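Nothing in this text is a laboratory measurement; each read-out follows from the coordinates by a stated rule. As the structure is a computational prediction, the values presented were derived from the model and not from experiment. Cβ placement follows ideal geometry from the backbone for every residue including glycine, while neighbour counts extend to all protein chains displayed.
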Amino acid sequence: MIEFAEADEREEWEGVGPLLKEIVTYAHDNLWPAGRRFIVSSIWRSRLENAKVGAKTLIHTVGPPYRAVDADVCGWSKAEIMEVCAAINRRWQYDPTRPNIPAAYGEKHGTGPHIHFQVHANTVLVT
Ligand SMILES: [Zn+2]
């Protein structure tokens, strides 16, 4: 079950773009370690909120459709986080013209450790 940290995220989930929803749902259904809850911790942020959590990009400030979703990974090992991200990045390419930018990566800022999922207009399923 996909859970939401607060009512805000539950509402914002409705505004998440279809491809990003597909990626997050895939992670939940196929990649999440057994026994770990899937809690969406952030979707949209104001520019002020974004700066306060130390975000490196503005992707959480755009939309709807929203282009980024964070899922809480408090207490996870680095290996667990990297395994989920690697599987997502094998399956989806964020932007074929900028292959260095991943569709999923682990982050520590703001409300705590999370996996950040993101999409671009060019994001494609590769496998
Ligand atoms: Zn994020």
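Some values worked out for this structure:
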item: Failed criterion for Val124 (all others in (1) more than 16 Å from the ligand (Cβ to nearest atom); (2) of a type in the set (Val, Ile, Thr); (3) buried (at least 18 other Cβ atoms within 10 Å of the Cβ) hold); result: (3)
item: Enumerated strands (runs of 3 or more DSSP E) restricted to segment 1-78, each holding at least 2 residues that are free of Cβ contacts under 8 Å to residues at least 40 places away in the same chain; result: 2-4, 38-42
item: Test for Pro65: is it surrounded by fewer than 17 Cβ atoms within 10 Å (Cβ to Cβ) and within 16 Å of the ligand (Cβ to nearest atom); result: yes
item: Any hit, segment 19-36, residues being more than 25 Å from Val126 (Cα to Cα) and surrounded by 17 or more Cβ atoms within 10 Å (Cβ to Cβ); result: no
item: Members of segment 79-99 found to be assigned to a helix (DSSP H, G or I) and either within 16 Å of the ligand (Cβ to nearest atom) or not hydrophobic (A, V, I, L, M, F, W, C) (or both), listed by number; result: Glu80, Ile81, Glu83, Val84, Cys85, Ile88, Asn89, Arg90, Arg91
item: Unmet criterion (only one of (1) farther than 14 Å from Gly112 by Cα; (2) charged (D, E, K, R); (3) within 15 Å of the ligand (Cβ to nearest atom)) for Arg36; result: (3)
